[in-house]
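Chemist: This is the structure I want to talk about, given as structure tokens.
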Amino acid sequence: MLGVPECFEFPFTPYSIQHEFMRQLYEVLERKQLGIFESPTGTGKSLSIICGALHWLRDHNERERNELELQIQTIEEAKSKLDADKNNDWIKTQTEEIELNYKLNKLKLQQNSIADYDRRIAKLCSKKASSAPSKFEKLSESVVDDEKITEKLEDDDLLLEDAVVESDEESSDESDCNKYEPVKILICSRTHSQLSQMVGEILKSPFGVNTRAVSLSSRQNYCINPLVSKLKNIALINERCLDMQKKSKANKVDSDGKVLKRAKGMSSGQCPYNKQQNIDDLRDSALTSVCDVEDLVKIGKQLNACPYYASRKAAEDAHVVLVPYNTLLHKNTRESIGLKLKNNVVIVDEAHNLLDALAQMYSSEISLQQLQDARGRLRAYKQRYSKRFSAQNLLCINQILFVVSGIISLLDTKIENQSKSAVYTVEAFVLSAEIDNYNMFKLLKFCRTSKIAHKLQNYSSMYPIDSVAPPNKEQKNARAKMKDFLDSIENKTSGSNVVSTEEVTLTPAKSTVAVGNPFLAFLSFLEALTCTYEDGRIIVHKGDQCKVQFLLLNPAEQFKEIVRDARAVIVAGGTMKPISEFRNRLFVAAGATNDRIVEFSCDHIIPPENILPLVVTKGLQGERMLFNFENRFSMGNCIKQTLLEISSTVKGGIVVFFPSYKYEAWVYQQLQDVRFGKPVFREPQNTGSVDSVLNAYACAIRKPNSTGAILFSVVGGKLSEGLNFSDDLGRCVVVVGLPYANIYSPELKEKMVYLDKTEGAGSGQQFYEAICMKSVNQCIGRAVRHKDDYACVLLLDDRYDRLGTKNSLPNWIKRSLQTCVFADGVKSMKDFFSRMKQANK
């Protein structure tokens, strides 16, 4: 391995911690290691990741070509030496020559594939200058008018697929074995907005001009066909998209290629955006200019080309592929989108909640109402088309109905206390539901290949069960009555609960459309039943919210493939404490050895004197600051006086984090008669209102002669992560109490028991504490976003003064942390802001 470079290209002279971050990152990538990187929010972590990783990638590609050339040269010299030596044994010489020729041919084949790849990329780059906007304008004339697109479903469209439908991956040619696949950097983060910020960092970096970066996303985000995007649900969108592609190939033609018969629904079945030439043009556009998801959708509409398939094709030749958590970490999603891990670099940004995200990704739940709804729809669907199903499809449908009915029966079973929850292992659950004799893997495969979820959704839209009245018996003919009689006898004999024709008649819908698809929730739960028995638990909830829930206890099991196949894996975040969680519960539990794991943590770029963190143990009246669940609702007067004093002391933005929405609402009610002298804003529970609230908060602070504003937020809510309250937007961050999770939650109790059992006594309690402190640390990180920024942080609860709790805080907070009563804290705050005002004159 070559040495790590002394200098790194950066938009400006990097701080020492940024340089060290890039140096460590470069070394981990080169040595094929697993890195845990902690860099406080505001230290330029994203830019350091981009510059360090792209610097390594450039060097790696150059080394790869040079080393290949050197190996070829060495073998050719050995051949020449062998030919020149006439004294060698002839047989031995021939054997050695054959072996050298084999190695040489293999290396030259590899060299030729790289040369072909380089020529193709050079040709692509030459297009960059000539990609004029007029081309877009010309093509955009053929864009289909969204308002004119309509679709009419027929019964044939609702029938199950009999043949096994292949994945929508393009089939590989034999020549692909020799195709050069360069190393890619796969960067994933939690949200599309965070990935868009990463795109901005790429453009800001010195590598931006020559970097090929592509954002991958789901069809739900990329689809520009209104017929498909209107379905909203991602599984339905996927199936509808694949269905339209199949229809586009279903025409019958004669020997001359003339269309003899169009497939049903052909007029609206083909996707007008699935045109190969247009998709290729969009792919080239994505590779010649760095785009985020919104940019590619916009260009896709101009080019009349599908952004989803264009981005997938572009990813093959990209340096950097940006993906959301779910796309990379969920195996089925990763494989369906064609994302390869082998020999590529995986960087997970904002990874502080990675294990929780993995657990949630593979967990699922379904309510009794959804199960009953799914069973009703499937029964009606089976009844209508039973004579048109193949024997195999009919068998699978009956088995699915039996599985659904078994789970419903288990949920309906009376227990001693209907408000309690029962916990099962996966094995015990399938036995209790009496569904253990069915192959869940086989049923899952059937559901995927037959597209039954999509068919049921269309069926429910075309024949909405709930909106149709029973038919008039007098209107039935004798043949229909006889069929009903025979059906009723069959149902009684078999003990089946199939809905009879007389009970419900289904007619084509005119305006009523069924909302939601409960069968998708069932499929998600069915997939959970294929999980390794030791790694999950199933919780049956009784009472008002009757449901069954699968809980993944060992998320590292789903990370094994990434650790095994990727060249290197980096998990990075602003605060990664406790780091042992990532080392032991993620990497080691996923099969990594300790010598492959590297830890890196750096300090904040702001000087210690620019931050004033205070643990406040007593209020103005000397009362104990204890905001636990039992005590917090008796602290109304204390919190009122505290916030009033903070408001009069701090000029600028004050962000107050409460442990729950319920407590935030209660405190807000207590403050109705209080006049802070500045406006108070509240975090909305509706995601769509977040931007408007933040804009109003910012405007109130930035207007002339403003005294600031107060923003009430919730720990773990929409404002506690990923937002930037720099400068006057966040001069003071207040965290009220410790946001402990409900320890009586059956999910949390089961997780803690599992950790105590697998990692030793006390591990569950450590996990419980870590959940709380990770949320607190995210709130603290909203302020002080650059080296000249300053703020005070108030932790209102005497439990913050515990040694273990203080050790869980970020290092840049711990180094300046003070413990005090509130009266002394107010004095420290006044001195702090007076000093910072003088320093910034």
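Chemist: Applying the selection to region 30-47, what residues are open to solvent by 10 Å² or more (accessible area, probe 1.4 Å) and either over 24 Å from Q778 (Cα atoms) or touching a strand residue (DSSP E or B) at 6+ places or on another chain (Cβ under 8 Å) (or both)?
Modeler: E30, R31, K32, Q33, E38, K45
Chemist: Going through region 603-661 one residue at a time, which ones are open to solvent by less than 20 Å² (accessible area, probe 1.4 Å) and in a helix (DSSP H, G or I)?
Modeler: Within region 603-661, N610, G636, C638, I639, T642, L643, I646, S647 meet the criteria.
Chemist: Run down I710, I743 and say which single residue is in contact (Cβ under 8 Å) with a residue 60 or more places away in the chain and not polar (S, T, N, Q). Explain how you work it out, then say what you get.
Modeler: Working: I743 fails: in contact (Cβ under 8 Å) with a residue 60 or more places away in the chain.
Matching residue, one of I710, I743: I710.
Chemist: Another question, if that's okay. Could you figure out which of (1) assigned to a helix (DSSP H, G or I); (2) open to solvent by 30 Å² or more (accessible area, probe 1.4 Å); (3) modelled with pLDDT of 90 or more; (4) not basic (K, R) isn't true of N343?
Modeler: Among (1) assigned to a helix (DSSP H, G or I); (2) open to solvent by 30 Å² or more (accessible area, probe 1.4 Å); (3) modelled with pLDDT of 90 or more; (4) not basic (K, R), the lone unmet condition for N343 is (1).
Chemist: Still on this structure, I have one more. Given (1) open to solvent by 60 Å² or more (accessible area, probe 1.4 Å); (2) modelled with pLDDT of 95 or more, where does N686 come up short, assuming only one miss?
Modeler: (2)
Chemist: Restricting to region 226-240, give me the number of residues that are in a loop (DSSP other than H, G, I, E, B) and touching a residue at least 60 places away in the same chain (Cβ under 8 Å). I'd like the intermediate steps shown before the answer.
Modeler: Filtering region 226-240 for residues in a loop (DSSP other than H, G, I, E, B) gives 230-233.
Subsequent filtering for residues that are touching a residue at least 60 places away in the same chain (Cβ under 8 Å) retains 231, 233.
Final tally of qualifying residues: 2.
Chemist: If you check every pair at least six apart or on different chains, which have Cβ atoms under 6 Å apart with a residue in region 324-340 that is over 17 Å from C531 (Cα atoms) first and a residue that is open to solvent by 40 Å² or more (accessible area, probe 1.4 Å) and among the basic types (K, R) second?
Modeler: Y325/R190
Chemist: When you go through K301, K331 one by one, which is the residue that is at pLDDT 90 or above and open to solvent by 10 Å² or more (accessible area, probe 1.4 Å)?
Modeler: On the way: K331 fails: at pLDDT 90 or above.
Only one candidate qualifies: K301.
Chemist: Note down all Cβ pairs under 7 Å where the first residue falls in region 587-615 and is without any contact (Cβ under 8 Å) to a residue 60 or more places away in the chain, the second is open to solvent by less than 10 Å² (accessible area, probe 1.4 Å) and outside any loop (DSSP other than H, G, I, E, B), and they're at least six residues apart or on different chains.
Modeler: As it stands, the answer is A589/A556; A590/A556; A590/F559; A590/V563; G591/V563, since those pairs meet every condition given.
Chemist: Let me ask you something else. In region 201-220, what count of residues is obtained for those that are closer than 28 Å to C7 by Cα, open to solvent by less than 30 Å² (accessible area, probe 1.4 Å) and at pLDDT 90 or above? Let's see the steps before the verdict.
Modeler: Kept after step one, since they are closer than 28 Å to C7 by Cα, are these residues of region 201-220: 201-214.
Keeping just the survivors that are open to solvent by less than 30 Å² (accessible area, probe 1.4 Å) gives 202, 205, 207-208, 211-214.
With the extra rule that they be at pLDDT 90 or above, the set shrinks to 202, 205, 207, 211-214.
Number of matching residues: 7.
Chemist: Here is a further query. Determine, yes or no, whether S419 is polar (S, T, N, Q), farther than 17 Å from L523 by Cβ, at pLDDT below 90 and touching a helix residue (DSSP H, G or I) at 6+ places or on another chain (Cβ under 7 Å). Lay out the reasoning, then the answer.
Modeler: On the way: polar (S, T, N, Q): yes; farther than 17 Å from L523 by Cβ: yes; at pLDDT below 90: yes; touching a helix residue (DSSP H, G or I) at 6+ places or on another chain (Cβ under 7 Å): no.
Against the criterion (polar (S, T, N, Q), farther than 17 Å from L523 by Cβ, at pLDDT below 90 and touching a helix residue (DSSP H, G or I) at 6+ places or on another chain (Cβ under 7 Å)), S419 does not qualify.
Chemist: May I ask you to verify whether V598 is open to solvent by less than 40 Å² (accessible area, probe 1.4 Å), under 33 Å from the mean Cα position of the chain (by Cα) and hydrophobic (A, V, I, L, M, F, W, C)?
Modeler: Details: open to solvent by less than 40 Å² (accessible area, probe 1.4 Å): yes; under 33 Å from the mean Cα position of the chain (by Cα): yes; hydrophobic (A, V, I, L, M, F, W, C): yes.
The answer is yes for V598.
Chemist: Oh, and also: Can you find, within region 8-29, the residue that is farthest from D59 (Cα to Cα) among those that are open to solvent by less than 30 Å² (accessible area, probe 1.4 Å) and assigned to a helix (DSSP H, G or I)?
Modeler: The first filter runs over region 8-29 and keeps only residues open to solvent by less than 30 Å² (accessible area, probe 1.4 Å), leaving 8, 10, 18, 21-22, 25-26, 28-29.
Still in the list and also assigned to a helix (DSSP H, G or I): 18, 21-22, 25-26, 28-29.
Working: Q18: 19, F21: 17, M22: 14, L25: 14, Y26: 10, V28: 14, L29: 11 Å.
Filtering region 8-29 for residues that are open to solvent by less than 30 Å² (accessible area, probe 1.4 Å) and assigned to a helix (DSSP H, G or I), the one farthest from D59 (Cα to Cα) comes out as Q18.
Chemist: Give region 733-767 a look and list any residue that's over 30 Å from G636 (Cβ atoms), part of a helix (DSSP H, G or I), open to solvent by less than 40 Å² (accessible area, probe 1.4 Å) and not aromatic (F, W, Y), or say none. Working first, answer last.
Modeler: If we filter region 733-767 for residues that are over 30 Å from G636 (Cβ atoms), which is where we start, we get 746-747, 749-767.
Among the residues that remain, those that are also part of a helix (DSSP H, G or I) are: 746-747, 749-759, 763-767.
Next, only the ones that are open to solvent by less than 40 Å² (accessible area, probe 1.4 Å) stay: 746, 750-752, 754-755, 763-764, 767.
Scanning region 733-767 gives P746, E750, K751, M752, L755, S763, G764.
Chemist: Follow-up. Kindly provide the set of residues from region 768-823 that are part of a helix (DSSP H, G or I) and open to solvent by 40 Å² or more (accessible area, probe 1.4 Å), ordered by number. Reasoning before the result, please.
Modeler: Of the residues in region 768-823, the ones part of a helix (DSSP H, G or I) are 768-780, 798-801, 803-807, 811-814, 822-823.
Listed by number, the residues that qualify are E769, I771, D801, L803, G804, K806, N807, N811, K814, A823.
Chemist: Scan region 812-841 for residues that are hydrophobic (A, V, I, L, M, F, W, C) and free of Cβ contacts under 8 Å to residues at least 60 places away in the same chain and jot them down. Give the derivation first.
Modeler: Filtering region 812-841 down to residues hydrophobic (A, V, I, L, M, F, W, C) leaves 812-813, 817, 820-823, 826, 829, 832-833, 836, 839.
Scanning region 812-841 gives a single hit, A839.
Chemist: Within region 673-696, can you find the residues that are part of a strand (DSSP E or B) and touching an Asp or Glu at 6+ places or on another chain (Cβ under 8 Å)?
Modeler: The one that is part of a strand (DSSP E or B) and touching an Asp or Glu at 6+ places or on another chain (Cβ under 8 Å): R682.
Chemist: Could you tell me whether any residue of region 684-698 is more than 26 Å from E581 (Cα to Cα) and in contact with a Ser or Thr (Cβ under 6 Å, 6 or more places away or on another chain)? Before you say what the answer is, go through the steps one by one.
Modeler: Taking region 684-698 and keeping what is more than 26 Å from E581 (Cα to Cα), we get 684-698.
Within this subset, residues satisfying the condition of being in contact with a Ser or Thr (Cβ under 6 Å, 6 or more places away or on another chain) are none.
No, region 684-698 contains no residue that is more than 26 Å from E581 (Cα to Cα) and in contact with a Ser or Thr (Cβ under 6 Å, 6 or more places away or on another chain).
Chemist: D281 fails exactly one of the following numbered conditions: (1) over 27 Å from L124 (Cβ atoms); (2) at pLDDT 80 or above; (3) part of a helix (DSSP H, G or I). What is the number of that condition?
Modeler: Exception for D281: condition (1).
Chemist: Moving to a separate point now. Among the residues of region 550-569, is any surrounded by 20 or more Cβ atoms within 10 Å (Cβ to Cβ), at pLDDT 95 or above and either aromatic (F, W, Y) or farther than 30 Å from A235 by Cβ (or both)?
Modeler: The answer is yes; a qualifying residue exists.
Chemist: Any residue at all in region 407-414 that is in a helix (DSSP H, G or I) and over 20 Å from Q545 (Cβ atoms)? Step through it out loud before you land on a result.
Modeler: If we filter region 407-414 for residues that are in a helix (DSSP H, G or I), which is where we start, we get 407-412.
From what's left, over 20 Å from Q545 (Cβ atoms): none.
No, region 407-414 contains no residue that is in a helix (DSSP H, G or I) and over 20 Å from Q545 (Cβ atoms).
Chemist: Further question: State whether the residues of region 831-840 include one that is in a loop (DSSP other than H, G, I, E, B), under 25 Å from R632 (Cα atoms) and either of a type in the set (K, R) or open to solvent by 30 Å² or more (accessible area, probe 1.4 Å) (or both). Walk me through how you get there before you give the answer.
Modeler: Restricting attention to region 831-840, the residues satisfying the condition of being in a loop (DSSP other than H, G, I, E, B) are 840.
Restricting the remaining residues to those that are under 25 Å from R632 (Cα atoms) gives none.
No, the conditions are met nowhere in region 831-840.
The values are calculated or read from the model by the stated rules, or taken from the named source; none is laboratory data. The structure presented is a predicted model; accordingly, all values stated were derived computationally and were not measured. A quick note on method: Cβ atoms are made from the backbone with ideal geometry, for glycine too, and the neighbour counts reach across all protein chains shown. Note: areas computed on protein heavy atoms with side chains; ligands, DNA, RNA excluded. Shrake-Rupley method; radii C 1.70, N 1.55, O 1.52, S 1.80 Å.
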